[in-house]
Amino acid sequence: MRYLTPLHSRGSRAGGSARKGDVVKLVRKELTQLEEQVPWKEVQGRWRTLRTTWTRRLRQADSTREVAVCISEFHDNLKTDKSSGVFAAGGPWEQSLRECLSGTGSPQQLQQVWDEMRAALQAWLAEGQLPGGLASLDKASYEQAVCTYIVLQEAASKGPEFLEQVPLDQILTSQKELLALQHIVQREAAAAHSRLQALATASAAGAAGAAAPPPALLPDMEGG
């Protein structure tokens, strides 16, 4: 594993019309390159043993699911914060990865999963901080992101056309501010997902209770 080896120039990325093989080949290549940049101290100790087999399986992977399995195993061995941020357990990123692992995810979905992971890890390589929590974000960046999120909420309440007019490229002028906004949005999305699951569970329980037959009456043993 090399330390901070620069990524090679990639040229044009696969578009929405790219063939499955093109996406698999591109993600496989970029994952191999990025894994080589992660220092040993930022991966679990078992990765030294697993890495050789993982590298061989990644090189041989020729389907969306097989590449997703390699992404998942690499992710599991990174010392990233799994409680919040991009890689939050149960969050949007993990949900998309699970769909790819189940075989129902499309090549474009695999591309999106990888793009988000790659962006988060490259930001860490530049900052020297593992993505996940807020440790790498200064207070000013986070405050700016909070203000921007409020602006987005106000625009969304007026309609989609107003949301599209918010000049994010002018409001957020640094990578840290963008990362902070991403953290806030993903945190809120994960919270909304949890609330929806809780409502669905409660609704299912209520429906099951309503459909249950009334309890049988026991005979009066004294009165006969």
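The values are calculated or read from the model by the stated rules, or taken from the named source; none is laboratory data. Note that the coordinates shown come from a computational prediction; the quantities given were computed from them, not determined experimentally. Glycine also receives a Cβ, built like all others from the backbone with ideal geometry; neighbour counts cover every protein chain displayed. Areas reflect the complete protein model, heavy atoms only, side chains present, ligands, DNA and RNA absent. Shrake-Rupley method; radii C 1.70, N 1.55, O 1.52, S 1.80 Å.
Overview of values
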{"read-out": "All positions within segment 97-117 that are over 9 Å from the mean Cα position of the chain (by Cα) and open to solvent by 30 Å² or more (accessible area, probe 1.4 Å)", "value": "R98, E99, L101, S102, G103, T104, S106, Q108, Q109, Q112, D115"}
{"read-out": "Residue count for segment 51-63, restricted to those that are in contact (Cβ under 8 Å) with a residue 24 or more places away in the chain and open to solvent by 60 Å² or more (accessible area, probe 1.4 Å)", "value": "2"}
{"read-out": "Among residues of segment 171-193, those that are among the acidic types (D, E) and surrounded by 14 or more Cβ atoms within 10 Å (Cβ to Cβ), counted", "value": "1"}
{"read-out": "Members of segment 150-170 that are farther than 19 Å from A123 by Cβ, open to solvent by 40 Å² or more (accessible area, probe 1.4 Å) and either in contact with a strand residue (DSSP E or B) (Cβ under 7 Å, 6 or more places away or on another chain) or of a type outside the set (D, E) (or both)", "value": "I150, V151, Q153, A156, S157, K158, P160, F162, L163, Q165, P167, Q170"}
{"read-out": "R118 being closer than 26 Å to L181 by Cα and in a helix (DSSP H, G or I)", "value": "yes"}
{"read-out": "Of all residues in segment 36-77 being among the acidic types (D, E) and modelled with pLDDT of 95 or more, the one that is nearest to M117 (Cα to Cα)", "value": "E73"}
{"read-out": "Residues (in a helix (DSSP H, G or I) and in contact with a helix residue (DSSP H, G or I) (Cβ under 7 Å, 6 or more places away or on another chain)) located in segment 89-107", "value": "P92, W93, S96, L97, E99, C100, L101, P107"}
{"read-out": "Conditions (1) open to solvent by less than 50 Å² (accessible area, probe 1.4 Å); (2) out of contact with any helix residue (DSSP H, G or I) (no Cβ under 8 Å at 6 or more places or on another chain); (3) not polar (S, T, N, Q): number failed by K41", "value": "(1)"}
